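To keep things clear, I will list the structure first and then write my remarks on it.
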Amino acid sequence: MTTVDYFPIQDLPTELEREIFETAAYMRPSSALDLVLVARKVRTWIQPLIYEMVTLGTDDTSLFLRTMDELPVAFFQQNVKRLCLTVSVEPEAAARILATCSGLQSLACWVDFRAAHPQVQFSPLIASQHLRRLSMEIRHFRQLCRDPLCHGALFRSLTRLDLIYWEPGELAIWELAALPCLTHLCIIIRDLPVTEAYLLSVISMCPSLNVMAVLIDEGADPVPTRDWRIVWLPYPVMVLDWEAPFRGQEDTWSRAEDIVKSRERELANLPRLGNLTYCLAASRWKLIYFWRFGAQMDLKVLPITWSRHTVAKPELEFTWSLKRSSLVRSTGSSCYP
């Protein structure tokens, strides 16, 4: 009969012991609730990790409110960094949670505050946060922007924004011009009709934008656009997509970024034909090709269009003629995958 030698983990340095338990909790989040029962000191290490990301719906909101009554407010201010309030959370409960969790970095607030009677003032609760990412319904976002507090900490720190359209309405988002640090914008339009002109007008209001994701129903036809930062993606399971980065998984943003980088590489690999060179005009986000002839440079702007992952590549056919000592040419273009 063999005997099992148990490793005396309590003999390890405290720092290493803590790292082991925290790593176990990160690798298997479902085990965290069991780990807090090991010992009191382990509970102090693991309990903050459990509340680092909180997602609330119909069944667990009341439990979270009860926990808020049992733990000090400072615990939630310091440890809750990512909060998702789904549409099933009551506005009054959402307001109380937002008031307590005041140290957020990422917030998905899909609560319908317009349905509350009397009205719940949610704007000050969000405007005072130093958020990096925010996901909201468009009309709630517009109401939020009307709060003067938003033009302080929130607008200066926000880099990622998801806007959801619950119902048809005004598509223009003039408020985006007030977000100087916004690099990622996601518009969740489902089955609402949009045009290329609308998408280009939206992206023109965001000087720092790198990626714009447009989420539509599976099987819907995307609108081809000339800006390679605009990416069409199917509508995901919103809660799972929100939690994915925290769990080390791919989400809408990572997929959109990969597509944009792929397009940029494709543009960089366009051919060079002698002195005929392609270059990128970042100020116009269009493809420019030019011919150097002596000291002169003749420029021609050629728009390119994007549909899903495909670039509409210009197929160039040149005819040359000399006129007034400059080079004049005509070109035809066609699109192919």
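Only the coordinates and a few stated rules stand behind these numbers; no lab work does. Just so it is clear, the structure is predicted and the values come from calculations on it, not from any experiment. For neighbour counting, all protein chains shown are included, and Cβ atoms are generated from backbone atoms with ideal geometry for every residue, glycine included.
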Dividing the surface of the Cα convex hull of the stretch 33-122 by four yields a projected area in nm² of 5.9
Taking only the alpha-carbon positions of the stretch 173-228 as identical scatterers, the Debye log10 I(q)/I(0) at q = 0.17, 0.18, 0.21, 0.31 Å⁻¹ comes out as -0.55, -0.61, -0.82, -1.44
By the mean-Cβ-within-10 Å protection proxy, highest first, 246-252, 109-115 rank as 109-115, 246-252
Ordered by fewest other Cβ atoms within 10 Å, a rough proxy for footprinting exposure, M238, M212 read M238, M212
Per the Kirkwood formula over distinct C-alpha pairs, the hydrodynamic radius of the stretch 84-131 in angstrom is 10.8
